[in-house]
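Q: Take this structure, written in C-alpha cells, and hold onto it; I'll ask about it next.
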Amino acid sequence: MERGGGGVAMARRRRRPTIWRIPDELWVLLKAVIPPHELRPSGGRPWIPARHILDGVLFVLRTGCQWKAVPAVYGSGSTLHRRFQHWSETGVWEAMWRLVLEYYDATHGLEWRWQSADTSLHKAPLGGEKNGAQPDRSRQVWHQAPYAHRGRRRAGGDRDHRREHPGQERAGDAA
C-alpha cells in the first residue's frame, strides 16, 4: 500500500474547477451594479453584452494574456480593455467587489477580525526614469543594455584606442 497516494487523489477530487465564465447566480447579483445603458445595445459598432465583457476580463485576469490575445468569443480585445478602463474609472469594479463580499459574508460568513495579503515585488525589466538626481547609468539610454565587449571608459573621455584596432599603433607609441 502506497503512503500519501490517497491524499493527492482526494485533493484532486476536492479541487474546484477554474471559473472561466461568471456563474448565473453571480451574474444576477453583479448586473445590478452595471450601468443600465451598458446592458442594452446602442447604435454603431456591434454590441457586446456586459456579461461577455465580464467573462473576457475574467479570462485576462486568469491567464495573464494580452488584451489583443483574448479569444473572439469574448469580443474584441480593444473593446474589452476600453470597457474595463471605463468600469474602473466609474467605480463599477469596486461596487462589484463590495457586493460579492457582502453576499459571501451573508451566505458563508467572513472572519473580519484579521486580514492577509500576499505580494511579490520584482524589478521592472525596462523600468523607466529614476527618481533620484543622478541616474546610475548616465551614459546609457534606459532601454539599452551595455555592450559586453566594450571596456570601461576613462574619466574625461580620454580613451585608450589600442584595444579597438589590434595590430595598429597610435602616433607616439612607436618605439
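The values are calculated or read from the model by the stated rules, or taken from the named source; none is laboratory data. Since the structure is predicted, the reported quantities are computational estimates derived from the model, not experimental observations. Cβ: placed from backbone, ideal geometry, glycine included. Neighbour counts: every protein chain shown.
One line per residue, one yes/no per condition, for (1) more than 17 Å from the chain's Cα centre (by Cα); (2) surrounded by 10 or more Cβ atoms within 10 Å (Cβ to Cβ); (3) at pLDDT 75 or above; (4) part of a helix (DSSP H, G or I):
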position: GLN85; (1), (2), (3), (4): no, yes, yes, yes
position: SER88; (1), (2), (3), (4): no, yes, yes, yes
position: ALA95; (1), (2), (3), (4): yes, yes, yes, yes
position: VAL100; (1), (2), (3), (4): yes, yes, yes, yes
position: TYR104; (1), (2), (3), (4): yes, yes, yes, yes
position: GLU111; (1), (2), (3), (4): yes, no, yes, no
position: GLN115; (1), (2), (3), (4): yes, no, no, no
position: THR119; (1), (2), (3), (4): no, no, yes, no
position: ALA124; (1), (2), (3), (4): no, no, no, no
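Q: Separate question: Just to be sure I understand, how many residues within the range 4-50 are surrounded by 10 or more Cβ atoms within 10 Å (Cβ to Cβ), at pLDDT 70 or above and either farther than 30 Å from ARG82 by Cβ or of a type in the set (Asp, Glu) (or both)?
A: 1
Q: In this structure, does PHE84 turn out to be in contact with a Pro (Cβ under 9 Å, 6 or more places away or on another chain) and within 22 Å of ILE19 (Cβ to Cβ)? Don't jump to the end; show me each part of the working.
A: Working: in contact with a Pro (Cβ under 9 Å, 6 or more places away or on another chain): no; within 22 Å of ILE19 (Cβ to Cβ): yes.
Judged against the criteria, PHE84 is not a match.
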